[in-house]
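This report refers to the structure that appears directly beneath it.
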Amino acid sequence: MNVRNAMNRSVRAVTPGTKIMEVASLICLYCFHGLPVVDDAEHLIGVISEKDVLHSLFPTIDHLISEGMQSVDLGRQIGRYGEVLELNVEDLMAHEPISVDVYIHLLRAATVMVRKNFRRIPVVENELLVGKLSLSGVHKAIFHANITGSLKMQLNTRSQALSRRDARALTRGTARVRRSTAAGLGTAGRRVPAGNRRHAKGR
């Protein structure tokens, strides 16, 4: 079972020139945790996550070392959110994204996701973005391959058993009908004695 058997081919992506405002809108309105970044030829070149957007509001390590945490105006940092929204994806995105190939085994892809603590991962074919894989998609594919297959086998077995039982019942029913028909024909075909015929006319 390969990744292509479990992946979702409907995937939303952005480009390096996309405004962070659009990314933030997608994240907040559609509950995306991150979005793949592609170039004009649909090659996967990066990922922009919710963490990348929020991380830009925090003071830098150099600032904390030189000024200390007490000097940070947290209200002012939150006020910088409007400035962050004016940035482009290329200003905040993570380069060299981790992805899985569409043809690798599903459990091998799941291993990568678990090791990296990913719930979703981009799927590529020849470096082109072709979909996304989620842990729920992995579970659903394994469920259908095992449980649904077993249920079908059980249903087929029961169906075959019922078919054999129905066939035997039909055979027995047909035999009874034949015996009854033969008995009826035998009675209708017997000759009535002459005395009985006269007796029947006199009634």
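Name the one entry in H33, H95 that is more than 27 Å from the chain's Cα centre (by Cα) and closer than 30 Å to M1 by Cα.
Numbers: H33 fails: more than 27 Å from the chain's Cα centre (by Cα).
Answer to the check: H95.
Would you point out which residue out of S66, S56 is touching a residue at least 12 places away in the same chain (Cβ under 8 Å) and among the hydroxyl-bearing types (S, T, Y)? Quick ask: steps written out before the conclusion?
On the way: S66 fails: touching a residue at least 12 places away in the same chain (Cβ under 8 Å).
Unique residue meeting the criteria: S56.
Could you tell me whether S66 is surrounded by 12 or more Cβ atoms within 10 Å (Cβ to Cβ) and in a helix (DSSP H, G or I)?
Numbers: surrounded by 12 or more Cβ atoms within 10 Å (Cβ to Cβ): no; in a helix (DSSP H, G or I): yes.
So S66 fails the test.
Could we say that N117 is more than 17 Å from N2 (Cα to Cα), surrounded by fewer than 12 Cβ atoms within 10 Å (Cβ to Cβ), under 33 Å from the mean Cα position of the chain (by Cα) and not basic (K, R) here? Give the steps one after another, and end with the answer.
On the way: more than 17 Å from N2 (Cα to Cα): yes; surrounded by fewer than 12 Cβ atoms within 10 Å (Cβ to Cβ): yes; under 33 Å from the mean Cα position of the chain (by Cα): yes; not basic (K, R): yes.
The answer is yes for N117.
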* Which condition number does A6 fail, the rest of (1) over 20 Å from M113 (Cβ atoms); (2) touching a residue at least 24 places away in the same chain (Cβ under 8 Å); (3) of a type in the set (A, V, I, L, M, F, W, C) being met? -> (1)
* Hey, can you tell me all the residues within the range 108-132 that are hydrophobic (A, V, I, L, M, F, W, C) and either touching a strand residue (DSSP E or B) at 6+ places or on another chain (Cβ under 7 Å) or touching a residue at least 24 places away in the same chain (Cβ under 8 Å) (or both)? => A109, A110, V112, M113, I121, V123, V124, L128, L129, V130
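So in the range 21-63, with the set limited to residues that are in a helix (DSSP H, G or I) and acidic (D, E), which one is farthest from G131 (Cα to Cα)? If you could, list the steps in order and put the result at the bottom.
Restricting attention to the range 21-63, the residues satisfying the condition of being in a helix (DSSP H, G or I) are 21-30, 50-55, 61-63.
Within this subset, residues satisfying the condition of being acidic (D, E) are 22, 50, 52, 62.
Working: E22: 21, E50: 20, D52: 22, D62: 39 Å.
Per the stated criteria, the residue is D62.
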* If you check R4 against the conditions, is it of a type in the set (K, R) and loosely packed, with under 13 Cβ neighbours inside 10 Å? -> no
* Taking the range 4-20 only, how many residues are under 19 Å from A94 (Cβ atoms) and in a helix (DSSP H, G or I)? -> 1
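Those residues that are surrounded by 11 or more Cβ atoms within 10 Å (Cβ to Cβ), out of contact with any His (no Cβ under 9 Å at 6 or more places or on another chain) and assigned to a helix (DSSP H, G or I), I need them from the range 70-103; list them, please. Outline the logic, then answer.
So the first thing to find is which residues in the range 70-103 are surrounded by 11 or more Cβ atoms within 10 Å (Cβ to Cβ), and the list is 72, 74, 77, 79-81, 83-85, 87-94, 97-102.
Cutting the leftovers down to out of contact with any His (no Cβ under 9 Å at 6 or more places or on another chain) gives us 74, 77, 79-81, 83-85, 87-91, 93-94, 97-102.
L74, Q77, G79, Y81, E83, V84, L85, V89, E90, D91 - these are the residues of the range 70-103 that are surrounded by 11 or more Cβ atoms within 10 Å (Cβ to Cβ), out of contact with any His (no Cβ under 9 Å at 6 or more places or on another chain) and assigned to a helix (DSSP H, G or I).
Each reported figure results from applying straightforward, stated rules to the coordinates on display, with no laboratory input. Not measured: the values here are computed from a predicted model. Neighbour counts run over all protein chains shown; Cβ positions are idealised from the backbone, glycine included.
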